[in-house]
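> Let me begin by handing over the structure; questions about it come next.
The values are calculated or read from the model by the stated rules, or taken from the named source; none is laboratory data. Here the structure is a predicted model, which is why all the values come from computation and not from measurement. A quick note on method: Cβ atoms are made from the backbone with ideal geometry, for glycine too, and the neighbour counts reach across all protein chains shown.
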Amino acid sequence: MFVRNCWYVAGWDYELPPGQILAKTIADQPLALYRKQDGTAVAVEDRCCHRHAALHLGEIEGDCIRCMYHGLKFDASGRCVEVPGQSRVPERAVVRSYPVVERDNWLWVWMGEPARADADLIPFSVGPGDPDWDMRPSSMRFEADYRLVLDNLLDFSHLTFVHRKTFGGEDFAASLPRISRMERGFRVERWVRDTPALVFTQHVMTGRYDMLIDYTVQLPCVFVMRFQVYEAGKATEGPSDGKLLLDTWTCQSVVPASAGECTYYFSWGASKATAGREVGDLLYAGIHKAFLEDKEMIEAQYRNIRRDPDRPVINIAHDAAVNQMRILLDRTIAAENAGLAAE
Ligand code: FES
Ligand SMILES: [Fe+2]
């Protein structure tokens, strides 16, 4: 149920300070991450090849990691370089290592064949380190199939219902977006015109506005959205002709740990040209509250599905992007499995 040949977010860079070992599970693979002396991030399987102890309970020695069960030491490529009590290192004493790239303050790990790891496949995003944007990073754990979170991101009609107290707006469910295909995902664009501000901002934004919601969702589950608020203009098609009041990005990644658990990494922030720190505080509080609403709904949905997984669903107009992404995901996984079977 997981795509392997892709970059997954293993965490925010601040989660991995020098000298510490970070344990993460991605797509059922346990990882131990640490930094070499020059700061480069390393990811190895969190399972020693000797007797399968967890390497995140080990210790960093220079650029190496030592398993603290019986002391085998591995270099950053995963090769064993020392076995206590003997001079010979068995040839098969190797732990798997994974390509890692740090970009936009995210630690990206390639979970598939290392030879196919191409950093150009990392989706565009705006990180908290970008000086022009006040991006605030966070994360949340969902006890649910990550594909349900993916569905949620591809259908914003739920804003009207799940988020009626935070985002709200009947106009989200009433309008259909334009969906276009990308190589590894979809772009979803929607203008909502002459509408009240998002509920959680209505104490400071009291007028009527045009809003652009323009996002991409790319395999395995990286969501990057431009959200802009304009004074309500006269245009009924294309970009708003009102004045731009607020320009924001939100970058999100839903990373499956296992079949029924995922970590949701996210950020939201405004351009420093259109907003001050207080707006950043407001967005940060707003997205947290809203994602707790998603979490409650999706975790309960997942429990229902698990009780009776084969019961059919019903499709409505808003499911278009959801269904197309599921097809792309299933095809990609099937192609990877067929490739593995052929090898
Ligand atoms: S399990 Fe790691 S050294 Fe024995
Ligand atoms: Fe939501």
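> Only one of these is touching a residue at least 60 places away in the same chain (Cβ under 8 Å) and touching a His at 6+ places or on another chain (Cβ under 9 Å): Leu107, Leu31. Name it. Walk me through it before giving the result.
Details: Leu107 fails: touching a His at 6+ places or on another chain (Cβ under 9 Å).
Matching residue, one of Leu107, Leu31: Leu31.
> Here is a further query. Considering (1) away from ligand 2 (no atom under 11 Å from the Cβ); (2) of a type in the set (Gly, Ala, Ser); (3) buried (at least 17 other Cβ atoms within 10 Å of the Cβ); (4) part of a helix (DSSP H, G or I), say which one Ser253 fails and leave the rest.
Condition (4) is where Ser253 drops out.
> On to the next question. Is there a residue being buried (at least 17 other Cβ atoms within 10 Å of the Cβ), among the hydrophobic types (A, V, I, L, M, F, W, C), in the same structural domain as Leu154 (by TED's automatic domain parsing) and within 16 Å of ligand 2 (Cβ to nearest atom) anywhere in the range 301-322?
Yes, the range 301-322 contains a residue that is buried (at least 17 other Cβ atoms within 10 Å of the Cβ), among the hydrophobic types (A, V, I, L, M, F, W, C), in the same structural domain as Leu154 (by TED's automatic domain parsing) and within 16 Å of ligand 2 (Cβ to nearest atom).
> Can I ask one more? Check Thr248, Thr236 and return the single one that is loosely packed, with under 15 Cβ neighbours inside 10 Å and either outside the structural domain of Val192 (by TED's automatic domain parsing) or in contact (Cβ under 8 Å) with a residue 12 or more places away in the chain (or both).
Of Thr248, Thr236, the one residue that is loosely packed, with under 15 Cβ neighbours inside 10 Å and either outside the structural domain of Val192 (by TED's automatic domain parsing) or in contact (Cβ under 8 Å) with a residue 12 or more places away in the chain (or both) is Thr236.
> Further, regarding this structure: Out of Lys243, Lys289, I need the residue that is among the basic types (Lys, Arg), surrounded by fewer than 19 Cβ atoms within 10 Å (Cβ to Cβ) and within 16 Å of ligand 2 (Cβ to nearest atom). Which one?
The unique qualifying residue is Lys289.
> When the range 268-307 is examined, which residues are found to be among the hydroxyl-bearing types (Ser, Thr, Tyr), part of a helix (DSSP H, G or I) and under 21 Å from Thr250 (Cα atoms)? Walk me through it before giving the result.
Our first condition is that a residue be among the hydroxyl-bearing types (Ser, Thr, Tyr); within the range 268-307, this holds for 271, 274, 284, 302.
Of the ones still in play, those that are also part of a helix (DSSP H, G or I) are 284, 302.
Of everything in the range 268-307, just one residue is among the hydroxyl-bearing types (Ser, Thr, Tyr), part of a helix (DSSP H, G or I) and under 21 Å from Thr250 (Cα atoms), namely Tyr284.
> What pairs come up if the first residue lies in the range 74-93 and is in contact (Cβ under 8 Å) with a residue 12 or more places away in the chain, the second is hydroxyl-bearing (Ser, Thr, Tyr), and their beta carbons are under 6 Å apart, counting only those six or more places apart or on different chains?
Once the first residue is in contact (Cβ under 8 Å) with a residue 12 or more places away in the chain and sits in the range 74-93, its partners that are hydroxyl-bearing (Ser, Thr, Tyr) give Ser77/Ser97; Gly78/Ser97.
> Which residues, taken from the range 135-174, are part of a loop (DSSP other than H, G, I, E, B), free of Cβ contacts under 8 Å to residues at least 60 places away in the same chain and closer than 16 Å to Met225 by Cβ?
Result: Gly169, single match.
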